[in-house]
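Take a look at the structure below.
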Amino acid sequence: MFTPDFYLPDVDLYLELTTMNQSLVTHKNRKIRLMHELYPEVSVRLLYRKDFHRLLAKFGFGPLIESGVEGIDRVLLTERQINQKV
């Protein structure tokens, strides 16, 4: 059974997070490929650890150096600013 981790209703997208354990990544890739074959109208995106770190760095959670994200040279909004907007 495949149950994605998150659903984003505004963009009609399911998100599945995965670890760097290769056996788990391979298993999830197979599930997502099968789901695309059976239900091509359903949008599913697999996020790897590097994608998750990019999101954290983009929104100012944690140091950029630890995230290993190339191309991001500064944080645009602090955690406090994001919380105020939310």
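Would you please name the residue that is nearest to residue 52 (Cα to Cα), looking only at residues in the range 2-40 that are of a type in the set (Asp, Glu) and not in a loop (DSSP other than H, G, I, E, B)? Spell out how you get there, then give the answer.
Of the residues in the range 2-40, the ones of a type in the set (Asp, Glu) are 5, 10, 12, 16, 37.
Checking the rest, the ones that are also not in a loop (DSSP other than H, G, I, E, B) come to 16, 37.
Working: 16: 11, 37: 26 Å.
By that ranking, first place goes to 16.
Just to verify a result, which residue in the range 51-71, among those that are in a loop (DSSP other than H, G, I, E, B) and at pLDDT 75 or above, is farthest from residue 16 (Cα to Cα)?
Ranking the candidates gives 60 first.
When you check residue 74 against the structure, is it at pLDDT 85 or above, on the phi < 0 side of the Ramachandran plot and basic (Lys, Arg), yes or no?
Details: at pLDDT 85 or above: no; on the phi < 0 side of the Ramachandran plot: yes; basic (Lys, Arg): yes.
No, not satisfied.
Counting only residues that are in contact with a Ser or Thr (Cβ under 7 Å, 6 or more places away or on another chain) and in contact (Cβ under 8 Å) with a residue 24 or more places away in the chain, how many does the range 15-46 have? Walk me through it before giving the result.
Filtering the range 15-46 for residues in contact with a Ser or Thr (Cβ under 7 Å, 6 or more places away or on another chain) gives 24-25, 28, 46.
Filter once more, keeping what is in contact (Cβ under 8 Å) with a residue 24 or more places away in the chain: 46.
The qualifying residues number 1.
The values are calculated or read from the model by the stated rules, or taken from the named source; none is laboratory data. Keep in mind it's a predicted model, so treat the numbers as computed, not measured. Neighbour counts are summed over all protein chains in view; Cβ atoms, including those assigned to glycine, are modelled from backbone coordinates with ideal geometry.
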